[in-house]
Amino acid sequence: MSTEVKFEDGNLIVSRVFKAPRESVFQAWVETSQVERWWGCAECTAVKSEIEPKVGGKYNHHMTIDGPAGSGEVAGLAVLTQFDPPTRLAYTSADKDDPYGADMVVSVDFTEVDGGTLVRLVHAGIPDMLVPGDITLREIIRQGWSAAFGKLDQFLTA
């Protein structure tokens with residue numbers, strides 16, 4: 001199964017059917033030990049997550065990146081705004097000093113379908129701006145989620 005990625009009304013929408021029960025897929029998003037095994041873009045070599053699975057809880061992912069555009073640490077700091085196991089989670093940026101992350105909201109829905117679980121992610125509020133390397137932030141985030149969904153599929157089927 002492939003990952004469908006599109007922009008619609010300024011939002012990035014990513015969806016894929018995973019051949020795993022909904023509860024298992026949801027847990028892969030909220031259990032730190034599982035998230036650290038699949039989270040991040042293609043250039044992500046390590047992840048350290050802090051997750052408090054409740055509304056108002058931390059949803060932080062510190063990624064180590066090593067790729068053609070450079071290497072270093074990237075922190076994704078967020079707060080869970082919705083937590084409804086095993087059907088939905090949503091979070092918003094918690095680092096208001098980050099010019100790339102301010103006001104971004106991510107919601108993820110988990111739906112049972114024949115043969116597995118449909119995960120539909122909506123990433124809203126992505127600034128329309130260039131980042132180092134003359135690429136848009138929207139493209140970086142699109143590439144990141146595409147890779148992460150592929151890594152999640154490998155994790156769930158291992």
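Considering only segment 22-40, I want to know if a residue exists there that is modelled with pLDDT under 95 and over 13 Å from the mean Cα position of the chain (by Cα). No, because not a single residue in segment 22-40 is modelled with pLDDT under 95 and over 13 Å from the mean Cα position of the chain (by Cα). Criterion applied to 59, 91 was being surrounded by 15 or more Cβ atoms within 10 Å (Cβ to Cβ) and farther than 23 Å from residue 4 by Cβ, and the one residue passing it is 59. Where strands (runs of 3 or more DSSP E) fall wholly inside segment 45-158, the ranges with 2 or more residues that are over 16 Å from residue 16 (Cβ atoms) are 59-67, 70-76, 78-84, 88-93.
Identify the residue in segment 103-158 that is within 15 Å of residue 90 (Cα to Cα) and small (Gly, Ala, Ser) and, among all such residues, is modelled with the lowest pLDDT. Filtering segment 103-158 for residues that are within 15 Å of residue 90 (Cα to Cα) and small (Gly, Ala, Ser), the one modelled with the lowest pLDDT comes out as 125. Only one of the numbered conditions (1) touching a helix residue (DSSP H, G or I) at 6+ places or on another chain (Cβ under 9 Å); (2) of a type in the set (A, V, I, L, M); (3) modelled with pLDDT under 95 is violated by residue 74, and that is (1).
The values are calculated or read from the model by the stated rules, or taken from the named source; none is laboratory data. What you see is a predicted model; the values in this text were computed from it and never measured. Neighbour counts are summed over all protein chains in view; Cβ atoms, including those assigned to glycine, are modelled from backbone coordinates with ideal geometry.
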